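To start, the structure under review is shown below, and the notes come after it.
Just so it is clear, none of the values below were taken in a lab; they were calculated from the coordinates. Everything numeric in this text was worked out from a predicted model, so none of it was measured. Neighbour counts run over all protein chains shown; Cβ positions are idealised from the backbone, glycine included.
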Amino acid sequence: MNILLINHYAGSPALGMEYRPYYLAREWVRAGHRVQIVAADFSHVRARQPAAGDETIDGIAYRWLRTPSYQGNGAGRVWNIWRFLSQVWRQTGRLVREFKPDVVIASSTYPMDIWVARRIARRAGAVLVFEVHDLWPLSPIELSGMSPKHPFIRLCQAAEDAAYRDADVVVSMLPKVQGHMAEHGLDLAKLHIVPNGITLDEWPGAGVAGPVGVADLPPLREDVAAAIAVQRAAGRTVVGYAGSMGLPNALDVLLDAAKALQTEPIAIVLVGDGHERARLAQRVAAEGLTHVALLPPIPKAQIPALLAQIDIAYIGWQRVPIYRFGIAPNKLMDYMMAGCAVLHSVEAGNDPVAESGCGLTVAPESAAAVAAGLRRLAALPAAERRAMGERGRAFVLAHHTYPVLARRFIAAVRR
């Protein structure tokens, strides 16, 4: 099949997030399909921006459309979205003529790309797929407090309704969306759940029983390795966090728990970047949290090496109603694939930690619950924590690797 994937924010391992379009496309190419990704040349989630134009990465054809840069979620981002979609609209004839798509996928977080994808699919006589990352406009309403009457929200709602009405297939990463989508007109026979996952070639020894050996992994950056070594030398159990540092990650709760654990043999190492990083670093310094290390982000290839050196992995969430539809966090898949025992601070429609038995789940936004959970996990024998981690790893290998997910996606399209 010829698969045209429209994803405004698509990236690659060399460029940075988001990774899902690349990993799915790579598996489709390996299975004999042709894939054309259309994306913007500027995205706020990438570490490095590509040059506008056409490029081939690992057999995947990318078309980077020139768009203006922006910061934050204001008018600049809206203008960037408009510029991207208007260019895709104008390239309809060219894409149909040159690529002859059998499948057109609208997959840009925001739903307005359904209109350009629908136009291309109709011209090409192709299957139209709408892929849902987050529920827009519900996410900006519930997470950012935007009014349902805001013009941008009304536009998103019109697009979401059109997507559920006109798409031949709807693929959701979130597992508990049936009620919401049905309320907005979706025939649930069109719906297929294809969650996030991991790629095996980033994990030496993938599929082999037992923990991944540190010697098999790319070397960890020296400052991160040294920070962990200092805490180990002090006899502390090391709790790790790797990923974005924004308000949705609820890292203030983890720091509040760290204060409660200050006299106990537990250390916390946070690695990443984001809007809240500078403020969190100020908290660590001002409150004298000497058992907390906050370090800059590392390349994605080093994440397995980081996780191989920690005892407990932490992931937390805010208490917000929208998580009732489920969660699909990439970092949790990494934690589980690394064989880490996980402390999960969440209240959501699904919980892979509980489903797999790979750790403990505690209430969100509760420093006391997080501190108690870390104490419980730290008190377990190391062998018991390793057994938890192995259950998580087996769960990911069975359900969340990109070869499995890519096949599920194609099966949904073919139905």
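Quick notes on this one:
- Highest-MSF residue in the chain out of Leu270, Leu251, Leu380 [GNM, Cα springs under 10 Å]: Leu380
- Charge sum, other residues only, whose C-beta stays under 13 Å from Ala394's C-beta, Lys/Arg counted +1 and Asp/Glu -1: +1
- Eligible lysines near Lys176 by straight Cα distance, threshold 21 Å, same-chain separation 8 or greater: Lys190, Lys331
- Top of Ala159, Ala379, Ala313 by mean-square fluctuation, Gaussian network on the chain, Cα under 10 Å: Ala379
- Percent of beta bridges antiparallel (DSSP, the chain, rounded to nearest 5): 15 percent
- Its relative contact order, with pairs defined as Cα atoms under 8 Å and 6+ residues apart, puts region 200-399 at 23 percent.
- Direction-averaged projected area, Cα convex hull, region 1-113: 6.4 nm², rounded to one decimal.
- Whole-number D in µm² s⁻¹ for the chain, Kirkwood Cα-pair radius fed into Stokes-Einstein, 37 °C, 0.692 mPa s: 147 µm²/s
- Mean residue ellipticity at 222 nm, helices only, the chain: -12500 deg cm²/dmol; runs of at least 4 DSSP H residues each add -39,500 (n - 2.57), and the sum is divided by the number of residues.
- In terms of the mean number of neighbouring beta-carbon atoms within 10 Å, the peptides 87-93, 34-40 order highest first as 34-40, 87-93.
- Within straight-line cross-link reach of Lys300, aspartates and glutamates at Cα separation under 14 Å, skipping those fewer than 8 residues along the same chain: Glu18, Asp201, Glu202, Asp273, Asp334
- Average projected area [Cα convex hull, region 200-399], square nanometres: 10.3 nm²
- Inter-part distance where region 6-64 and region 254-295 are each reduced to a Cα centre, Å: 35 Å
- Here's how it looks for His291: its modeled amide H is under 5 Å from none belonging to a residue 5 or more places away or on a different chain.
- Taking amide H as placed 1.01 Å from N in the peptide plane, the amide H of Ile266 sits under 5 Å from that of Thr237, each at least 5 places away or on another chain.
- Residues whose amide H comes within less than 5 Å of that of Gly240, counting only those at least five positions distant or on another chain, are Val269, Asp311, Ile312, Ala313, Tyr314 (H built at 1.01 Å from N in the peptide plane).
- Phi angles of region 350-358 translate, via the Karplus equation with coefficients 6.51, -1.76, 1.60 and θ = phi - 60°, into HN-Hα couplings of 9, 8, x, 5, 5, 4, 8, x, 9 Hz per residue; Gly and Pro are given as x.
- Using the Karplus relation 6.51 cos²θ - 1.76 cosθ + 1.60 with θ = phi - 60°, the per-residue 3J(HN,Hα) values for region 265-271 come to x, 10, 10, 10, 10, 10, 10 Hz, with x marking Gly and Pro.
- Inter-part distance where region 364-406 and region 173-207 are each reduced to a Cα centre, Å: 21 Å
- Sorting 46-53, 186-193, 233-240 by their mean Cβ neighbour count within 10 Å, with the most densely packed peptide first, gives 233-240, 186-193, 46-53.
- Taking all Cα pairs closer than 8 Å and separated by 6 or more residues, the relative contact order of region 184-304 comes to 27 percent.
- Per-residue ³J(HN,Hα) for region 307-313, Karplus 6.51 cos²θ - 1.76 cosθ + 1.60, θ = phi - 60°, Hz, x for Gly and Pro: 5, 5, 9, 10, 9, 9, 9
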